[in-house]
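Let me begin by presenting the structure, written as structure tokens, before commenting on it.
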Amino acid sequence: MTSRPNIALIGTGGTIAGSAASPTSATRYTPGSLGVDAILAAIPELSERYTFNTMQAFQLGSYDVTPNHWLELLQLVESSLSDPTVHAAVITHGTDSLEETACFLHLTVQSTKPVIVIGAMRPATAYSADGPTNIIDACTVAAHKAAMGRGTMVVMNGRVHSALLVTKRHVSSVEAFDSGFEGALGEVADSALRWFRPVHRVTPLKLLPDALLPRVDLMSAYAGADDVAIKAFVAAGAKAIVHAGLGNGNAPPGVRDSLKRLREHGVWLGRCSRWIPGSITRNSGMFQDDELSIITAKGLQAHKLRIAMMVAIAKGLSPTECQNWLDSFWEQ
């Protein structure tokens, strides 16, 4: 008789653990009201298919999650996956910052076992709650033999996404998450999984248990922007700034010179495009990135470039080493 897959189920709160005054309410509720054991108890069939080690890392709305929570979660995931009897980790999370937590884990978890991050767009008490299906689908992915070596993935609304590319694109729809032009990694339906393509698997950087993530700030370009924010970030002790630029990563004239002088203050600069997909041109007419030790990241969005730079600085990489690491993300 084949033993049931053993899954570490880690709760962090969010809408998937949310409770509303009425089952007809899908947008007015208190996130993180239920513990992970209560979420699991609502789906008794799962305990017939899998064995679970349940843990409550924290119980928050994900708008309250900080980088310190990421570090705490990383240690819990690493500890869980070091158990040879555990097949994978599934993490329940609020959707506001789900993609950031997933990206951080994708860049740092050393195990090749699957890490699945899931959430819900409707609270657990709603008639139309999507959390139970997402948990069932996540377990299907977690137990699949081809999920090994794919790093951290996000499973929402029947789709499997790479943590590197997935983003939330709608405030309340159950179809809120997608992976842009490159698309999902696969789909789940009735506990059956079909893969579409390989994942962009990175070489994760190992952080020590006492690692500290540096301050890295993010600023968006807009018409008429000046350098007030840049000066404030530098004064606050930022180790790096990510500039989400116009179009091809361009900067308005009011910030251009200040961005180029950041390295004089010992501050790294990361450069990407504002909200739109696509890889920006390195060493463009406006910025000589190699000469100024500027970091660019091809397909990474601004908030994920920020996370990657935080991890690289915490690991002690140089800007050149960081750039080489980022470039390797897109090699198949």
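The residue list Arg215, Arg271 contains one member that is basic (Lys, Arg) and open to solvent by less than 30 Å² (accessible area, probe 1.4 Å), which is Arg271.
Within segment 166-176, track down each residue that is touching a residue at least 12 places away in the same chain (Cβ under 8 Å) and open to solvent by 20 Å² or more (accessible area, probe 1.4 Å).
The first filter runs over segment 166-176 and keeps only residues touching a residue at least 12 places away in the same chain (Cβ under 8 Å), leaving 166-168, 172-176.
Those that are touching a residue at least 12 places away in the same chain (Cβ under 8 Å) and open to solvent by 20 Å² or more (accessible area, probe 1.4 Å): Lys168, Ser172, Ser173, Val174, Glu175.
In segment 222-234 there is no residue that is surrounded by fewer than 17 Cβ atoms within 10 Å (Cβ to Cβ) and closer than 29 Å to Thr108 by Cα.
Per-residue answers, yes or no, for (1) over 16 Å from the mean Cα position of the chain (by Cα); (2) farther than 30 Å from Ala314 by Cα; (3) β-branched (Val, Ile, Thr):
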| position | (1), (2), (3) |
| --- | --- |
| Ile136 | yes, yes, yes |
| Thr140 | yes, yes, yes |
| Met148 | yes, no, no |
| Arg169 | no, no, no |
| Leu185 | no, no, no |
| Ala192 | yes, yes, no |
| His200 | no, no, no |
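Residue count for segment 293-332, restricted to those that are free of Cβ contacts under 8 Å to residues at least 12 places away in the same chain and open to solvent by 50 Å² or more (accessible area, probe 1.4 Å): 4.
The values are calculated or read from the model by the stated rules, or taken from the named source; none is laboratory data. Here the structure is a predicted model, which is why all the values come from computation and not from measurement. Here the Cβ is made from the backbone with ideal geometry for all residues, glycine too, and neighbour counts use every protein chain on show. We work out accessible area using only protein heavy atoms, side chains counted, and drop any ligands, DNA or RNA first. Shrake-Rupley method; radii C 1.70, N 1.55, O 1.52, S 1.80 Å.
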